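The structure under discussion appears below in the form of structure tokens.
The values are calculated or read from the model by the stated rules, or taken from the named source; none is laboratory data. The structure presented is a predicted model; accordingly, all values stated were derived computationally and were not measured. Backbone-built Cβ (ideal geometry, glycine too); neighbour counts: all protein chains shown.
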Amino acid sequence: MFTRKPKFRPIDAVLILLCLAAGVYVAYRVKYGLEYRSDWGAIPQFLFHRDPATGRWVPNYLLQGLVTTLKLSFWATLPALGMGLVVALFRTSRNLFLRMVGRTYVELIRNLPPLVLIFIFYFFVIDQLMPLLGIEAFIRSRSIGAQTVLAILFAEKSLFVQFVSGVLTLAFFEGAYMAEIIRAGIESIERGQREAAYSLGLSWADEMRFVVLPQVVKRVLPALANEFINTIKYSAIASIVSIQELTFMGRQVVVATRYIFETWITVAALYMVLTLSLSLATGGLERTLRTSD
């Protein structure tokens, strides 16, 4: 297939110059209009600092927040996938009641602002659920070694309950969007394949297991990978309920130092590096799946 090579045109040069001029103007207004004295040399100390006990360089506030963001997003994605699969099966079921349950959940999540939903779920659902699960007592009863492993994989003992709460809240929110992706994948399977499976005497479970879901996984995997990137961005909402992810840590640095622009630009750059890396990986996954077809 012949593709044209993109050419650099005069209009492109004009647009680049306009963007540069806009950046220079914003920098000028910040420096002279707001009389803000920037100090970019202060930012590296909030990325790494020297541990006084060992003398080694260890992650500081912003990198600790970045690691927490990754862990929060990863662990939230797993239950969100499970919830999305179940709701997608409800949405495509022949049972009217199950379809109504699935649609109610999806429409409720999609038509409420994320911030309001986080407050409702965290303070009204999680606040009642956590004591029933007994997570705090469970963590305190573990050995030092077990607590160390849990701190590496999840969060420190003092922050474990908040971390689990954030995971469940994000999973509840993201599950609705993953459900729609999986539902679309299920409905994209040709009707003739499902009719053939039925004519062969396969049960509904076997039809899903051997015919439908293997094809659905291949079709929706890139979209689900992209939704993981969205989970990383939505994890910033968890900062409002005192979960110490990247946005929360950035806010703490701003309050303590008043380095407003430096801190938030650094936070934005860290998010950009993370999400852009995952976007490139997702693009590679899509090309691989396209080639295998």
For the stretch 186-233, how many residues meet the condition of being assigned to a helix (DSSP H, G or I) and surrounded by 16 or more Cβ atoms within 10 Å (Cβ to Cβ)?
22
So which of 66, 85 ends up being farther than 29 Å from residue 270 by Cβ, within 18 Å of the chain's Cα centre (by Cα), surrounded by 11 or more Cβ atoms within 10 Å (Cβ to Cβ) and not polar (S, T, N, Q)?
85
Complete set of residues in the stretch 164-183 that are more than 25 Å from residue 215 (Cβ to Cβ), of a type outside the set (Gly, Ala, Ser) and touching a residue at least 40 places away in the same chain (Cβ under 8 Å)
167, 168, 169, 170, 172, 173
Some residue of the stretch 132-154 being at pLDDT 85 or above and under 17 Å from residue 239 (Cα atoms):
yes
Looking at the structure I just gave you, is residue 59 over 16 Å from the mean Cα position of the chain (by Cα), within 21 Å of residue 249 (Cβ to Cβ) and modelled with pLDDT under 95?
yes
Given the condition polar (S, T, N, Q) and surrounded by fewer than 11 Cβ atoms within 10 Å (Cβ to Cβ), answer yes or no: does some residue in the stretch 50-57 qualify?
yes
Look through 172, 74, 163 and report the one residue that is under 25 Å from residue 221 (Cα atoms) and buried (at least 20 other Cβ atoms within 10 Å of the Cβ).
172
Kindly indicate whether residue 254 is closer than 25 Å to residue 291 by Cα, in contact with a helix residue (DSSP H, G or I) (Cβ under 9 Å, 6 or more places away or on another chain), assigned to a helix (DSSP H, G or I) and not hydroxyl-bearing (Ser, Thr, Tyr).
no
Residues of the stretch 88-129 classified as surrounded by fewer than 18 Cβ atoms within 10 Å (Cβ to Cβ), in a helix (DSSP H, G or I), basic (Lys, Arg) and more than 19 Å from the chain's Cα centre (by Cα), total
2
